[in-house]
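Novice: Take a look at the following structure, please.
The values are calculated or read from the model by the stated rules, or taken from the named source; none is laboratory data. Owing to the predicted nature of the structure, the values given are computational and were not obtained by experimental measurement. Neighbour counts run over all protein chains shown; Cβ positions are idealised from the backbone, glycine included. Ligands, DNA and RNA are excluded from the accessible area calculation, which covers all protein heavy atoms including side chains. Shrake-Rupley method; radii C 1.70, N 1.55, O 1.52, S 1.80 Å.
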Amino acid sequence: MARSTAKKVGILTAGGDSPGLNAAIRGFGKTAIGHYGMELLGFRDGVTGLVENRYVELDGAALSGILTVGGTVLGTSRDKVHRFPVEGGGTQDMVPTVVENYRALGLDALIMLGGGGTAKNAMRLVDAGLNVVHLPKTIDNDIAETDTTFGFATATEIATDAVDRVHSTAHSHHRIILTEIMGHRAGWLTLAAGIAGGADVILIPEIPYTVDSVAATIRARTARGSSFSVVAVAEGARDVDDTADYQAAQLLVKAAKTPEAQRAARTHLANVEDQQREHTFRLARELEAATGLESRVTILGYVQRGGTPCAADRLLATRLGAAAADHVARGEFGVMIAARGEGTAAVPLGDVAGKGKLVPPDHAWLTAARQVGTGLGD
C-alpha cells in the first residue's frame, strides 16, 4: 500500500446525471482506499448533501458492482454553494457552512464530479481554502481543457442508435424526420451522432441555420431520387433570426448595471429562451411547407443520459478517477483531472471554471461532414 498525505476524503456527484459517474466513483474509491489507505465519505445529492452534512461511508463493499450501473449511487442536484435555496424562498451563500462541515469531518480533500456548473462550485470552495479536485462529467462534452468527458461516449452511442432507427421509418413513409438531440450551447453530441448515424442535415448551436438552406439540401436529395431525409437537430440550434434575438438578450444581461436591470434582463432572456424552446417543431412545419414532404419530430431527451455506460466511458471514468486519487495522495489540489490522449493532465480550476468548449468552425468533424455531403444549414 502506497503512502498518502491525505487520510479522509469526501466525494460527490453534482449537476445532471450521466453514464460513467459510478465508474468514476469506483475508480477513485478503489484507488484511494485500496492503494493509498484513505477513508472515503460519499455526500448525498451533490452540493445539497455537502451543505446539509448528509453522507455515507464508502468502502470496498459499497463500491463493488457499480461499474456498470447508470446514474449515480450518491444522487445529485443542481444546487449552487453560493446561491443555495432556503426555506421560505430565496437563496443564501452556504460556502461558510460547507467549510465548517468540511473542517468538522476532518476532511483532507473533496472530489467533485460534474460539469461546468460543478467546476464553478469547486472553484468557489478552492477560493474558500478547501482542497478540491474536479472530474469532468457531461454528455455535452463542453468542458474546457479536456479532450473529452465521461458520459459523452455513451450518449453518442444512444443518439446514434436513434438516428439509425429513424432512417427506416423515414424511408418507408417518404418523410423528413427531425431527431432532437441534447446540447444547449455546444453541438458536439449532435455532430458526432449525426455523422455516425448518417444524418442528411446536422444543425448545431455554433452554426445558425436558415430554413431555405436546409430545404435546399432536402430538395437536392429528392432530385437525386431520395424520397426521405433525416435531420439531426441540437436542442440549442437556432436559425439566423432566433440567434440574433438570443444574442441581443444575452448582451442586455451583460450590460445591466443595477440589480433591477439585471432582473429585467434575465427575465427577458428567459422569455426569449421559452419562445424558442419548440424550435424543432416549428422547423418541421416550415420544412414540410417548403419541400412538400411530411415531417415528424423525435425528441430523445433524458434517454440520452440513462442506462449502462459504454466501455469507452467506463475506461475513461476509471482512469480519471484513479488519476484523481494519485493527485490527492501527492497533495495536489485546485485542479481538474483532464483527459489528454490516453493519459491525463491536472489543469488549474481557474482555467476551467466559467469557460466552455464549443465546436470550432474549422473542426475536422465539420470538414468531414461537409465533404460527405451533409447539410449544416448555413
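Novice: So which of A2, A6 ends up being open to solvent by less than 50 Å² (accessible area, probe 1.4 Å), part of a loop (DSSP other than H, G, I, E, B), touching an Asp or Glu at 6+ places or on another chain (Cβ under 7 Å) and of a type outside the set (V, I, T)? Step through it out loud before you land on a result.
Specialist: Values: A2 fails: touching an Asp or Glu at 6+ places or on another chain (Cβ under 7 Å).
None of the other options fit; the residue is A6.
Novice: Note down all Cβ pairs under 7 Å where the first residue falls in segment 253-270 and is part of a loop (DSSP other than H, G, I, E, B), the second is acidic (D, E) and open to solvent by 40 Å² or more (accessible area, probe 1.4 Å), and they're at least six residues apart or on different chains.
Specialist: none
Novice: Same structure, new question: Scan segment 47-68 for residues that are crowded, with 17+ Cβ neighbours inside 10 Å and either in contact (Cβ under 8 Å) with a residue 60 or more places away in the chain or assigned to a helix (DSSP H, G or I) (or both) and jot them down.
Specialist: If the condition is that a residue be crowded, with 17+ Cβ neighbours inside 10 Å and either in contact (Cβ under 8 Å) with a residue 60 or more places away in the chain or assigned to a helix (DSSP H, G or I) (or both), then V47, T48, G49, L50, V51, A62, L63, L67 are the ones that fit.
Novice: Can you find a residue in segment 187-200 that is closer than 30 Å to A329 by Cβ and not hydroxyl-bearing (S, T, Y)? Lay out the reasoning, then the answer.
Specialist: Taking segment 187-200 and keeping what is closer than 30 Å to A329 by Cβ, we get none.
No, segment 187-200 has no match at all.
Novice: Looking at A248, A256 in this structure, which one is at pLDDT 90 or above, more than 30 Å from Y36 (Cα to Cα), open to solvent by 20 Å² or more (accessible area, probe 1.4 Å) and aliphatic (A, V, I, L, M)?
Specialist: That would be A248, the only listed residue that is at pLDDT 90 or above, more than 30 Å from Y36 (Cα to Cα), open to solvent by 20 Å² or more (accessible area, probe 1.4 Å) and aliphatic (A, V, I, L, M).
Novice: Let me ask something else about it. Just a yes or no: is a residue in segment 354-362 open to solvent by less than 30 Å² (accessible area, probe 1.4 Å) and over 30 Å from S213 (Cα atoms)?
Specialist: Here is the first cut: in segment 354-362, the residues open to solvent by less than 30 Å² (accessible area, probe 1.4 Å) are 359.
Filter again for over 30 Å from S213 (Cα atoms), leaving none.
No, segment 354-362 contains no residue that is open to solvent by less than 30 Å² (accessible area, probe 1.4 Å) and over 30 Å from S213 (Cα atoms).
Novice: From the list V81, V99, V73, which residue is open to solvent by 10 Å² or more (accessible area, probe 1.4 Å), closer than 30 Å to R185 by Cα and β-branched (V, I, T)? Show your work before the answer.
Specialist: Working: V81 fails: open to solvent by 10 Å² or more (accessible area, probe 1.4 Å); V99 fails: closer than 30 Å to R185 by Cα.
The match here is V73.
Novice: Now for a separate question. Do we find that A311 is over 21 Å from P208 (Cα atoms) and at pLDDT 95 or above in this structure?
Specialist: Values: over 21 Å from P208 (Cα atoms): yes; at pLDDT 95 or above: yes.
Criteria met by A311.
Novice: Return the residue satisfying two criteria in turn: it lies in segment 73-106 and is of a type in the set (S, T, Y) and assigned to a helix (DSSP H, G or I), and of such residues it is farthest from D326 (Cα to Cα). First the steps, then the outcome.
Specialist: Residues of segment 73-106 that are of a type in the set (S, T, Y), as a first pass: 76-77, 91, 97, 102.
Within this subset, residues satisfying the condition of being assigned to a helix (DSSP H, G or I) are 97, 102.
Values: T97: 28, Y102: 21 Å.
Of everything passing the filter in segment 73-106, T97 is farthest from D326 (Cα to Cα).
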